[in-house]
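Report on one structure; see the data block that follows.
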Amino acid sequence: MRTYWRQRNDLVQSAGRHILRMQKALTQMNVQLANVLSDLSGVTGQAIIKAILGGERDPHKLATFRDPRVKASEEQIARSLEGNWQEDLLFVLKQEQDGYKFCQKQMAECDRQLQHYFKQREDRSQGAPLPEEKRKRRLRKKKGNAPQFGMRAELFRITGTDLTRIDGIDVMTAMTILSEAGWDMSKWETEHHFVSWLRLCPDNRISGNKIIGKGRMPTNNPISIALKMAASTLRLSNTYLGAQFRRFRTRLGAPVAIKAMAAKLARLVYRMLRYGMKYVDKGAEFYQAQHRQFQIKYLKMKAASLGYKVIPTQAA
């Protein structure tokens, strides 16, 4: 599974490079399509490129391929399609388009091979139904490079748990974790060993039971990279983990907060895979109330140590 998934990720990166070179060829022809389309690999971008390679040069006819979801109007798209159409750059555009299509074809073959692999694996769900996805953002958000089959259901079947219930972890991140580490977490004695293996733990230099310095622990582990990317998406999340990440970010700074939150996600993954823990989000309000109670308790302890007593009063 790891070999198939790594090959697929390599193809995704190759497809991205072809898109960048297509964009460069268009820019050299003074076709400023990037000003009106955020993604050249989308429906509108691919339809326009196909028409250009088919011989169409009229900007207004090319603009008619606009998908209704595109914010730019047909007139704006037409103005960005007034280029010089150099033959050599059109050749480069065609070569890169063919390369992009080849990568997409190879990715589809990887998906079929992965689907075949999943069907041969043991069912560990014990007949339990796949948890229904009710989060609107997850239902609405679709990635262009996502697998073309129900990977979430297959991952649930072979592991017996749904890692995508953890906020920030989507099916792509879950697949990366399982393809690299597997579903058996007994290889690591505790969750701390798992976090240490991912190099997401603090690198404290200790001498005489005192921390005398802190270092960095760089890593190229695909799981660590995926978890850090997942952690960074929690910044705007109205969830328990989102509220915790925002507090970490304010107190520690973005880089340290992302690493700390990635370690938190790794611990949740370990518990779900090893002990069958069910993750339930308690919401941002619950975290804020919990943190407030912790602050009140700390203030009372601090005041008591100084010989004072904290008396709650009603806010004005």
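The values are calculated or read from the model by the stated rules, or taken from the named source; none is laboratory data. These numbers come from a predicted model, not from an experiment. Neighbour counts run over all protein chains shown; Cβ positions are idealised from the backbone, glycine included. The area values use the complete protein model at the heavy-atom level, side chains included, leaving out ligands, DNA and RNA. Shrake-Rupley method; radii C 1.70, N 1.55, O 1.52, S 1.80 Å.
Compare ARG112, ARG121 by solvent-accessible area with a 1.4 Å probe and give them largest first, with all protein chains kept in place. Write out the running numbers ahead of the final one.
Working: ARG112 140, ARG121 90 Å².
I get ARG112, ARG121, largest accessible area first.
How large is ³J(HN,Hα) for each residue in the range 78-95, as worked out from phi by the Karplus curve 6.51 cos²θ - 1.76 cosθ + 1.60 (θ = phi - 60°), to whole Hz, x for Gly and Pro?
4, 5, 7, 10, 9, x, 9, 6, 6, 5, 5, 6, 5, 5, 4, 4, 5, 4
Under 5 Å between amide hydrogens, which residues at least 5 positions from ASP281 or on another chain qualify, with H placed 1.01 Å from N in the peptide plane?
none
For the range 171-216, run through the GluC sites (Glu not before Pro) and keep only the ones in DSSP coil with at most 10 other Cβ atoms within 10 Å of their Cβ. Don't skip to the answer; put the middle values down first.
Details: sites: GLU180, GLU189, GLU191; in loops: GLU189.
Here the GluC sites (Glu not before Pro) that fit, given the DSSP loop and packing criteria, are GLU189.
Against the longest principal axis of the chain, how steep is helix 240-252, in degrees 0 to 90 to the nearest 10, with axes from Cα atoms?
The angle comes out at about 80 degrees.
Tell me, what is the 1.4 Å probe accessible area of ARG249, in Å² to the nearest 10?
It works out to around 100 Å².
List, in the order given, every pair from LYS210/LYS282; LYS50/LYS71; LYS259/LYS282; LYS61/LYS136 whose Cα-Cα distance in the structure shown is over 31 Å.
Details: LYS210/LYS282 37 Å; LYS50/LYS71 21 Å; LYS259/LYS282 22 Å; LYS61/LYS136 36 Å.
Beyond 31 Å: LYS210/LYS282; LYS61/LYS136.
Go through ASP111, ASP67 and list them by solvent-accessible area, largest first, probe radius 1.4 Å.
Values: ASP111 10, ASP67 30 Å².
Of ASP111, ASP67, the descending order of accessible area is ASP67, ASP111.
Report the gain in length on full extension from ARG247 to THR313: 0.36 nm times residue separation, minus Cα-Cα distance, nm rounded to one decimal. Walk me through the numbers before you get to the answer.
Values: separation 66, 0.36 × 66 = 23.76 nm, distance 2.57 nm.
Here the segment from ARG247 to THR313 would lengthen by 21.2 nm.
Taking H placed 1.01 Å from N in the peptide plane, check which residues at least 5 places from SER125 or on another chain put their amide H under 5 Å from its amide H.
Result for SER125 returns GLY160.
For the range 2-13, take each phi angle, set θ = phi - 60°, evaluate the Karplus expression 6.51 cos²θ - 1.76 cosθ + 1.60, and give the result in whole Hz per residue in order, putting x for glycine and proline.
5, 5, 4, 5, 5, 4, 5, 5, 4, 5, 4, 5
So if I place +1 on the C-beta of Lys and Arg and -1 on the C-beta of Asp and Glu, and nothing else carries charge, what would the dipole magnitude of the range 167-316 be about its Cα centre? I want it in debye, nearest 20.
Working: 24 positive and 9 negative charges, 166 e Å.
Once rounded to the nearest 20, the dipole reads 800 debye.
How about LYS214: which aspartates and glutamates have a C-alpha closer than 18 Å to its C-alpha, ignoring those fewer than 8 places off in the same chain?
Hits, sequence-local ones excluded: ASP203.
Most fluctuating residue of LYS119, LYS105, LYS136 in a GNM of the chain with Cα springs under 10 Å: which is it?
For the chain, modelled as a Gaussian network with Cα springs under 10 Å, the answer is LYS136.
At what distance in nm do the modelled label points of TYR117 and LEU236 sit from each other, each positioned 7 Å from its Cα along Cα→Cβ?
3.3
What residues from the range 171-190 fall in the zone where the backbone N is under 11 Å from a label point 7 Å along the Cα-to-C-beta line of ARG138?
171
Need one value: the accessible area of GLU154 in square angstrom, 1.4 angstrom probe, rounded to the nearest 10.
Rounded to the nearest 10, the figure is 40 Å².
Run down the lysines and flag those whose C-alpha is under 17 Å from the C-alpha of LYS278, throwing out any fewer than 8 positions away in its chain.
Output for LYS278: LYS134, LYS264.
Straight-line reach from LYS309: which aspartates and glutamates fall under 18 Å, measuring Cα to Cα and dropping same-chain residues less than 8 apart?
Candidates past the 8-residue exclusion: nothing left.
Given the options ALA72, ALA266, ALA243, state which has the largest fluctuation in a GNM of the chain using a 10 Å cut-off (strictly under) for Cα springs.
Result: ALA72 has the largest fluctuation of those listed.
In what order, largest first, do TRP183, TRP5 sit by accessible area if the probe radius is 1.4 Å? Show your work: numbers first, answer last.
Numbers: TRP183 105, TRP5 5 Å².
The residues order as TRP183, TRP5, largest area first.
Taking semi-axes √(5λ) of the Cα gyration tensor in Å straight from the coordinates, which label in [x] 32, 23, 17; [y] 45, 27, 20; [z] 53, 17, 15 is the correct one?
Among [x] 32, 23, 17; [y] 45, 27, 20; [z] 53, 17, 15, the one derived from this structure is [y].
Of the candidates ILE169, ILE206, ILE49, which one comes out as most mobile in a Gaussian network treatment of the chain with C-alpha springs shorter than 10 Å?
ILE206
Give the calculated FRET efficiency between THR219 and ALA303 to the nearest 0.05, with a Förster radius of 45 Å applied to their Cβ-Cβ distance. Before the final figure, lay out the partial values.
Numbers: r = 43 Å, r/R0 = 0.96.
Rounded to the nearest 0.05, the efficiency is 0.55.
Say the dipole of the chain comes from +1 at the beta carbon of Lys and Arg and -1 at that of Asp and Glu; which of GLY45, GLY215, MET22 then lies farthest toward its positive end?
In the chain, that residue is GLY215.
Compute the signed sum of charges (Lys and Arg +1, Asp and Glu -1) over the other residues within less than 15 Å, Cβ to Cβ, of LYS119. Display every interim value, and only then the final one.
Details: positive: ARG112, ARG121, ARG124, ARG157; negative: ASP111, GLU122, ASP123, GLU154.
Charge balance near LYS119 sits at 0.
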